[in-house]
Amino acid sequence: MSQLLAGPIADRHVALGATFAEFGGWNMPVSYAGTVAEHNAVREKIGVFDVSHLGKALVSGPGAADFVNSALTNDLAKIGPGKAQYTLCCNESGGVVDDLIAYLVSGDEVFLIPNAANTASVVELLRVAAPQGVEITDRHREFAVFAVQGPRSPELLAGLGLPADMEYMAFVDADLNTGDGRFPVRVCRTGYTGERGYEILPRWDDAGPVFDTLLDGVRALGGQAAGLGARDTLRTEMGYALHGHELSTEITPVQARTSWAVGWNKPQFFGRDALLAEKEAGPVRRLYGLRATGRGVPRADCTVLAGPGGAQIGLCTSGTFSPTLKQGIALALLDTSSGVRKGDEVIVDVRGRDLPCEVVIPPFVPSHV
């Protein structure tokens, strides 16, 4: 097994007493004070995540934005410079190679943030398709990413002299004043928790003092550092897809309810023909939420049955205990032929024990982005 990659502030996570686990080839902090406490801090006040493992890639050159728009699913023409967009990189069969955020800097520059494990695949697909003059550069280790999330996050940014009053998915380049000097950062009003928040991108080598400054501010507002465990419970409550679970090369955006990130009227993007055909015919399975009505917690890969002793109608893609709802929740791909719909009761087989669940349409809790 190859050695796990480490982010730019691994020493800080150790000093904070983090527990670690492998994720996407990286050694990631799972929790510090406990997942539930970190989850609740983000929902009620504020938390800061180190997600520097996320990929970074630059598409540059004459017509870079037009090229990206011809390759990725969402319609980049719907936004202008200074805005970011959730989009998908699909294969020819409509499966999702990765979901990512595209930052439109100008017509000649698009900055991409893919998932850690898929960065190389996305970069290679774009390089193969790129016209002469458009360059795709993998910049994975050039920038860190810190996510400040929670209702008090605008207060933190304003107090640090960073732009906070911007539209959702807008970004601004600014400078952060720390005890070690001023450092350039890119600030985008987005996140993966369903709370008001921002993602802050400093240079990799500046990550330490930037994180220290953010964490000091978060603590002063009653929040704390949060790890991968809380990131997962927060995004599951929102029904946000995680690549490798709700999206994959075998799971299309039509199945995963991310069709809103597809520019259906565009003349070209990777996987367009297959996705149009699936949209017209209707998917054979579709993503739903499951809320446990009995005692127990559904988990990924648990079988979903039509009823006690009934036929299998799907599979859980993610499952966890919801700290907000204080009950088990899951995301699951269910066969459309089963006729299942919102409000129905199904059974999740949790290690041989029947767990009754209500079928819902995510999110499980209200969004405050």
Completion exercise
Sole miss for Leu234 among (1) more than 23 Å from Ser337 (Cβ to Cβ); (2) open to solvent by less than 50 Å² (accessible area, probe 1.4 Å); (3) assigned to a loop (DSSP other than H, G, I, E, B) is condition (3)
Problem - Single residue of the stretch 350-369 satisfying the filter (part of a strand (DSSP E or B) and within 30 Å of Ala281 (Cβ to Cβ)) that is most open to solvent (accessible area, probe 1.4 Å) - result: Glu358
Practice task
Please work out which one of (1) modelled with pLDDT of 95 or more; (2) open to solvent by 40 Å² or more (accessible area, probe 1.4 Å); (3) more than 16 Å from Arg12 (Cα to Cα) is the condition Gln224 fails and give its number.
Solution key: (3)
Practice task
Could you grab me the full set of residues in the stretch 147-183 that are over 24 Å from Tyr86 (Cβ atoms) and of a type in the set (Phe, Trp, Tyr)?
Solution key: Phe183
Fill in the blank from the handout: When every residue in the stretch 127-137 that is of a type in the set (A, V, I, L, M) and touching a residue at least 40 places away in the same chain (Cβ under 8 Å) is compared, the one most open to solvent (accessible area, probe 1.4 Å) is Ala129
Exercise for the section: Look through Ile136, Ile101 and report the one residue that is of a type in the set (Val, Ile, Thr) and over 15 Å from Leu201 (Cβ atoms). Expected result: Ile136
Fill in the blank from the handout: For the stretch 67-87 the number of residues that are out of contact with any Gly (no Cβ under 9 Å at 6 or more places or on another chain) and basic (Lys, Arg) is 1
Handout entry: Flag if Asp335 is over 28 Å from Cys90 (Cβ atoms) and touching a strand residue (DSSP E or B) at 6+ places or on another chain (Cβ under 7 Å)
Key = no
Handout entry: Criterion violated by Glu124 - all others in (1) free of Cβ contacts under 8 Å to residues at least 60 places away in the same chain; (2) farther than 20 Å from Val110 by Cβ satisfied
Key = (2)
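Is one or more of the residues making up the stretch 138-155 of a type outside the set (A, V, I, L, M, F, W, C), open to solvent by 20 Å² or more (accessible area, probe 1.4 Å) and without any contact (Cβ under 8 Å) to a residue 24 or more places away in the chain?
no
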Practice task
Consider only pairs whose beta carbons are under 7 Å apart and that are at least six residues apart or on different chains; among these, list those whose first residue lies in the stretch 191-205 and is aliphatic (A, V, I, L, M) and whose second residue is at pLDDT 95 or above and in a strand (DSSP E or B).
Solution key: Ile200/Phe146; Ile200/Val148; Ile200/Val185; Ile200/Val187; Leu201/Phe143; Leu201/Val185; Leu201/Arg186
Exercise for the section: Starting from residues that are under 22 Å from the mean Cα position of the chain (by Cα) and β-branched (Val, Ile, Thr), keep the ones in the stretch 156-203 and report whichever is surrounded by the fewest Cβ atoms within 10 Å (Cβ to Cβ). Expected result: Val172
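The values are calculated or read from the model by the stated rules, or taken from the named source; none is laboratory data. Keep in mind it's a predicted model, so treat the numbers as computed, not measured. Note that each Cβ is placed from the backbone with ideal geometry, even for glycine, and that neighbours are counted across all protein chains shown. For accessibility, only protein heavy atoms count, side chains too; no ligands or nucleic acids. Shrake-Rupley method; radii C 1.70, N 1.55, O 1.52, S 1.80 Å.
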